[in-house]
Amino acid sequence: MKRYCGEALPSSPRVAVVTNDNLGNFVMATPLIQMLRAKHGGTLDYYGGTRVAELATASPLVDNFLALHGTDPRESAKRISEQDYNLVVNVEWTPWAKAATSIMAGPDTFVCGPCIGPDGRGDLAFPDDDRGRLWEDQEWVSPKIKARYPFLESPYIAEIFCRLAYLDGLVPRYLLPTAIPTRDVPDVWVSGSASLPDKLWPLEKWRAIFEILWSRGFTVGLLGAKPKTQSAFWKGASDEDKFVEAGVLDFRGEFTLPEVVGAISRAKLVVTLDNGIMHLASATDTPVVALFREGIHRLWAPPNPHLTVLHPAPSSDVKEISVDDVIQALAILG
């Protein structure tokens, strides 16, 4: 394996992209995948997890989807060891993703991103250049990240990964497969679960927003995974059960992921935490109001003109974002 530093690839190369299996990570990788395809052509295999399979298999950007997460690692290792790539781009730091990247990289494969070295004793050293220093930095939420790395035009994580793969030019928007939903959609979608407890917003504040929306005649629906799955992998599932008890329409698990994108496209507004629904919504032109942790918003909020980002003051929690702040952001209320 060899570190990739922007070298030209052979004609019609085979390229692999590795991420974890959160929705947001697949969505965030779509600008990278678009730019890799535009620059290198060839075929592109996507290695993610079973949670994103519906999006990855339906995506026109992906030639082959292979489930790396959520499956037996022994079977995955056997399958990926039989692959032959010209370039592997890994944007995931977990030990398994690094090991998998090493397994699928032959002697002449270029590797971009975290990877176990060829002797298996440690990580493959990053390039001795500005990209390599950014890989090693990892303080990407810093407000000074652009000043430290002038090749960045923004602190947005999708751009960071594109530049780390030596891709120049305009970073495209998210691009997701979409399908017509199987049910009529409400005016407003909400999503109140997330991967971490410090991303959550208090139940009583959510209820205040519902009351305001209902008083204006808007129907409100809840998007997310099936309740059992939601509680197994994400925080806030019990609060979402209370959303439904309060009168929010329950659409959890009702749609395929491409249908979720289609359902969001047909709504008037989305109010959500920093989660997978926020990223799916940011691939559409539907207005989105999203609640972020301070600092994280610089890294993970995509530059979509339809996205309104709310975050607390420095050293404060998401729960400190006020109901009034959210109401003011709801352009739908006029």
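The values are calculated or read from the model by the stated rules, or taken from the named source; none is laboratory data. The structure presented is a predicted model; accordingly, all values stated were derived computationally and were not measured. Methodologically, a virtual Cβ is constructed for each residue, glycine included, from the backbone with ideal geometry; neighbour enumeration extends over all protein chains shown.
A few comments on the model shown:
- Scope region 91-125; condition farther than 23 Å from Gly70 by Cα and either outside the structural domain of Glu75 (by TED's automatic domain parsing) or under 24 Å from the mean Cα position of the chain (by Cα) (or both); matching residues: Val111, Cys112
- Scan of region 275-334 for residues that are touching a residue at least 12 places away in the same chain (Cβ under 8 Å), closer than 20 Å to Gly236 by Cα and of a type in the set (D, E, K, R), ordered by number: Arg293, Glu294, Asp317, Lys319
- Some residue of region 179-191 being more than 22 Å from Asp285 (Cα to Cα), modelled with pLDDT of 95 or more and either in a strand (DSSP E or B) or among the charged types (D, E, K, R) (or both): no
For (1) aliphatic (A, V, I, L, M); (2) crowded, with 22+ Cβ neighbours inside 10 Å; (3) in a helix (DSSP H, G or I), each residue gets a yes or a no:
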| residue | (1), (2), (3) |
| --- | --- |
| Ala38 | yes, no, yes |
| Gly48 | no, yes, no |
| Glu54 | no, no, yes |
| Leu61 | yes, no, no |
| Phe65 | no, no, no |
| Ala77 | yes, no, yes |
| Asp84 | no, no, no |
| Val89 | yes, yes, no |
| Lys98 | no, no, yes |
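- Residue among Asp198, Asp250 that is farther than 24 Å from Ile296 by Cα, touching a residue at least 24 places away in the same chain (Cβ under 8 Å) and of a type in the set (Asp, Glu): Asp250
- Selection from region 107-117 of residues that are modelled with pLDDT under 95 and surrounded by 13 or more Cβ atoms within 10 Å (Cβ to Cβ): Gly117
- Selection status of Trp214, without any contact (Cβ under 8 Å) to a residue 60 or more places away in the chain, surrounded by fewer than 20 Cβ atoms within 10 Å (Cβ to Cβ) and either over 21 Å from the mean Cα position of the chain (by Cα) or part of a strand (DSSP E or B) (or both): yes
- Where Met28 falls short, out of the listed (1) outside any helix (DSSP H, G or I); (2) among the hydrophobic types (A, V, I, L, M, F, W, C); (3) touching a residue at least 40 places away in the same chain (Cβ under 8 Å); (4) surrounded by 18 or more Cβ atoms within 10 Å (Cβ to Cβ): (1)
- Among the residues of region 287-304, those identified as in contact with a helix residue (DSSP H, G or I) (Cβ under 8 Å, 6 or more places away or on another chain) and either crowded, with 22+ Cβ neighbours inside 10 Å or aliphatic (A, V, I, L, M) (or both) are Val288, Val289, Ala290, Leu291, Leu299, Trp300, Pro302.
- Within region 119-162, the set of residues being of a type in the set (Lys, Arg) and either assigned to a loop (DSSP other than H, G, I, E, B) or over 22 Å from Ala29 (Cα atoms) (or both) comprises Arg121, Lys144, Arg148.
Conditions tested, residue by residue: (1) assigned by TED's automatic domain parsing to the domain that holds Asp198; (2) buried (at least 22 other Cβ atoms within 10 Å of the Cβ); (3) of a type in the set (Val, Ile, Thr); (4) over 15 Å from Trp201 (Cβ atoms).
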| position | (1), (2), (3), (4) |
| --- | --- |
| Ala246 | yes, no, no, no |
| Ile264 | yes, yes, yes, yes |
| Val270 | yes, yes, yes, no |
| Met278 | yes, yes, no, no |
| Val323 | yes, no, yes, no |
| Ile327 | yes, no, yes, no |
